[in-house]
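Down below is the structure, laid out as structure tokens.
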């Protein structure tokens, strides 16, 4: 009996390791993806073979290994039905990811350089979201099932949420940035629609993921700053620092940490029942600063229509900052409140489980 | 305390940093080139070499473009051979009637090419970055064989961002330096 329980516990650990690998793999894909956008803007690579693509496909390989490991663990785990949905979603996601590679190569071969929004990239992004969602469900369920260990819980929450947050941000970027006009196709979104998507989508995501992290950590101070800070580090090192001209604006970008700390404090230390919504409101109001620098392209298309070259990104961004802040603050805050509400609903469903 | 921090964040993000970054002087990349031709007079059937040394003598730029035009050719055929280049992008062969960017507009204004060209670029274009392009030409026809050369830096922020800055204007309404070789019987 004791040996049997020990065996199942070990299998569950194998499942957890696999799920962690799945999400770390997707994290690599998102990091590579963000770096790839910068690489396209700065260097306009002419071939499929590039370092960011290498990082992305290493991530896919890691996720695939993760799926195999978690499947092995899952088969030997008792009560494995609770983890079945996690595996199913991850399997659909990884199938799309694996399919995206050949489609991307085929697309590059036939049509040359593709834009941000293209069939292979959409396949990739949807695959990333599904794989990391499956991973997140597995990790979160595991975390709920086991006794609490602070460090471990935080690690699981971060590995569960960060990849899906980055992948979802990639989806909003694909649907709103004007990076999809190529020699063969013009998939650029209509400028007004793009602004609406960005103004609603980004604040919703910031609020949803950070408030979810707070709820999952059982209202712990610090998780919002940690998760948000990691997002800033990834975005800063893949979208800002590689651009020689923008490197010094990292100081501006770092100030977002102040807003994260304030939100963290308001949400976790305030006695007010709806403090999460106040925190969400703050998060919604900072989305234009949080998604610096490429978000500028979306608003520039509608408000200035200026020709943007990589070295002029930051100057146009700062030219627009006040205008964008004031015209978007109300819808952005409302969207962030919706993100907070949605997060609470999801969390209560997870707890019920 | 919390309101103070929030006030500090919005002041820094919306007022202080934007004014600091916007007050910075605009970068002014400045291209320049030097062309060496092996002979200015050849016999029909013989070849001559063109060595182009192109560089950015100004600030950091995003793209350094070198364009070499052949007004007597409609397409790049066996008369032109690309011997060597060290730009980080592959050259582009442009035949007559291809739509091209014009008036230093980075592609916003366009016009159709009236003769064959070779375009090559380096991205990005660091200050003091320099590149070479070597061509070998074997003209088929007698008479003067002309070559138009120009470079452009993107962003094209001022007249300094193109070279030459005066002289003949090509069909793209951009200045070119003209080189010629006499092809004798």
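The values are calculated or read from the model by the stated rules, or taken from the named source; none is laboratory data. What you see is a predicted model, and the numbers here were worked out from it, not measured in a lab. Don't worry about glycine lacking a Cβ; one is built from the backbone with ideal geometry, like all the others, and counts go over all protein chains shown.
Summary table below
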item: From B:33, B:53, B:87, residue being over 22 Å from residue B:144 (Cα atoms) and within 14 Å of chain A (Cβ to nearest Cβ); result: B:87
item: Condition met for residue A:219 (closer than 30 Å to residue A:141 by Cα, in contact with a helix residue (DSSP H, G or I) (Cβ under 7 Å, 6 or more places away or on another chain) and in a loop (DSSP other than H, G, I, E, B)); result: yes
item: Scope the stretch B:70-85; condition closer than 30 Å to residue B:158 by Cβ and either in a strand (DSSP E or B) or at pLDDT below 95 (or both); matching residues; result: B:70, B:85
item: So residue B:26, is it loosely packed, with under 13 Cβ neighbours inside 10 Å, within 14 Å of chain A (Cβ to nearest Cβ) and over 21 Å from residue B:121 (Cα atoms); result: yes
item: Residue satisfying condition, being at pLDDT below 95, away from every other protein chain (no Cβ under 14 Å) and surrounded by fewer than 18 Cβ atoms within 10 Å (Cβ to Cβ), within set A:215, A:181, A:219; result: A:219
item: Any hit, the stretch A:234-243, residues being within 12 Å of chain B (Cβ to nearest Cβ) and out of contact with any strand residue (DSSP E or B) (no Cβ under 8 Å at 6 or more places or on another chain); result: yes
item: Residue in the stretch B:10-31 that is closer than 30 Å to residue B:145 by Cα and in contact (Cβ under 8 Å) with a residue 24 or more places away in the chain present; result: yes
item: When residues of the stretch A:278-293 are limited to those that are in a loop (DSSP other than H, G, I, E, B) and more than 8 Å from chain B (Cβ to nearest Cβ), the one surrounded by the fewest Cβ atoms within 10 Å (Cβ to Cβ); result: A:293
item: Residue match in the stretch A:222-232 (condition: away from chain B (no Cβ under 14 Å), out of contact with any helix residue (DSSP H, G or I) (no Cβ under 6 Å at 6 or more places or on another chain) and assigned to a loop (DSSP other than H, G, I, E, B)); result: yes
item: Residue check for residue A:268: touching a residue at least 40 places away in the same chain (Cβ under 8 Å), more than 11 Å from every other protein chain (Cβ to nearest Cβ) and assigned to a helix (DSSP H, G or I); result: yes
item: Segments classed as strands (runs of 3 or more DSSP E), wholly inside the stretch B:92-185, with at least 1 members that are away from chain A (no Cβ under 14 Å) and surrounded by 13 or more Cβ atoms within 10 Å (Cβ to Cβ); result: B:92-94, B:110-112, B:116-122, B:130-137, B:143-154, B:175-184
item: Selection count, the stretch A:253-265, where residues are surrounded by fewer than 19 Cβ atoms within 10 Å (Cβ to Cβ) and more than 8 Å from chain B (Cβ to nearest Cβ); result: 2
item: Qualifying residue in the stretch A:156-163 (condition: at pLDDT below 95, under 20 Å from residue A:287 (Cα atoms), surrounded by 21 or more Cβ atoms within 10 Å (Cβ to Cβ) and over 15 Å from the mean Cα position of the chain (by Cα)); result: no
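Per-residue answers, yes or no, for (1) surrounded by 21 or more Cβ atoms within 10 Å (Cβ to Cβ); (2) modelled with pLDDT of 95 or more; (3) not in a loop (DSSP other than H, G, I, E, B):
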{"position": "A:276", "(1), (2), (3)": "yes, no, yes"}
{"position": "A:314", "(1), (2), (3)": "yes, no, yes"}
{"position": "A:318", "(1), (2), (3)": "yes, yes, yes"}
{"position": "A:326", "(1), (2), (3)": "no, yes, yes"}
{"position": "A:332", "(1), (2), (3)": "yes, yes, yes"}
{"position": "A:336", "(1), (2), (3)": "yes, yes, yes"}
{"position": "A:341", "(1), (2), (3)": "no, yes, yes"}
{"position": "A:349", "(1), (2), (3)": "no, no, yes"}
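So that you can scan it fast, the table gives a plain yes or no per residue for (1) modelled with pLDDT of 85 or more; (2) more than 14 Å from chain B (Cβ to nearest Cβ); (3) within 30 Å of residue A:297 (Cβ to Cβ):
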site	(1), (2), (3)
A:37	yes, yes, yes
A:43	no, no, yes
A:56	yes, yes, yes
A:64	yes, yes, no
A:76	no, yes, no
A:91	yes, yes, no
A:96	yes, yes, yes
A:99	yes, yes, yes
A:105	no, yes, yes
